[in-house]
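The values are calculated or read from the model by the stated rules, or taken from the named source; none is laboratory data. As the structure is a prediction and not an experimental result, all values here were calculated from the model. Remember, those area values only see protein heavy atoms, side chains included, never the ligands or the DNA or RNA. Shrake-Rupley method; radii C 1.70, N 1.55, O 1.52, S 1.80 Å.
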Amino acid sequence: QVQLVESGGGLVQAGGSLRLSCAASGRTFSTYAMGWFRQAPGKEREFVAALSWSGDSTYYADSVKGRFTISRNRAKTTGYLQMNSLKPEDTAIYYCAAAASLLTLRVPAGYDYWGQGTQVTVSS
């Protein structure tokens, strides 16, 4: 069992930055890949970024490539999403998730555990 708790969301002006954190508990989290998704009102949950369990491979949605960076601490107990050059269209609830398989990291169904989400609002 893996428990995930996000934090770090908030209100920021366009062009600003935020860093989201995902605190994990459960002895097997270090063997899971980690992902970030977001969901805006009236829209489906969409992939943002993912990190393999080893940390060697990262994956990004085209819409955030070059602006967002996914990472995890050395102990693999906390994940991060550094978000720079934020835009109003980045406004959404952001969720972190853990996946046992690397095969389907870009879709929500590929993940086994989810956090409760944290709100990010970017004003223009």
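At the listed q of 0.18, 0.21, 0.26, 0.27 Å⁻¹, the Debye profile of the stretch 8-57, built from one uniform point per Cα, gives log10 I(q)/I(0) equal to -0.81, -0.98, -1.13, -1.15. Surface analysis of the stretch 17-124 yields an accessible area of 50 Å² per residue, using protein heavy atoms and a 1.4 Å probe. Rolling a 1.4 angstrom probe over the stretch 12-113 with all protein chains present gives an accessible area of which 49% lies on carbon and sulfur atoms. Database remark: amide H of residue 10 closer than 5 angstrom to the amide H of 120, 121 (H placed geometrically; neighbours at sequence offset of 5 or more, or on other chains; Pro and chain starts carry no H).
Straight-line cross-link partners of residue 43 among the lysines, defined as a Cα under 26 Å from its Cα and at least 8 positions apart when in the same chain: 65, 87. Summarised in one figure, the compactness ratio Rg/Rh of the chain, Cα atoms and Kirkwood Rh, is 0.94.
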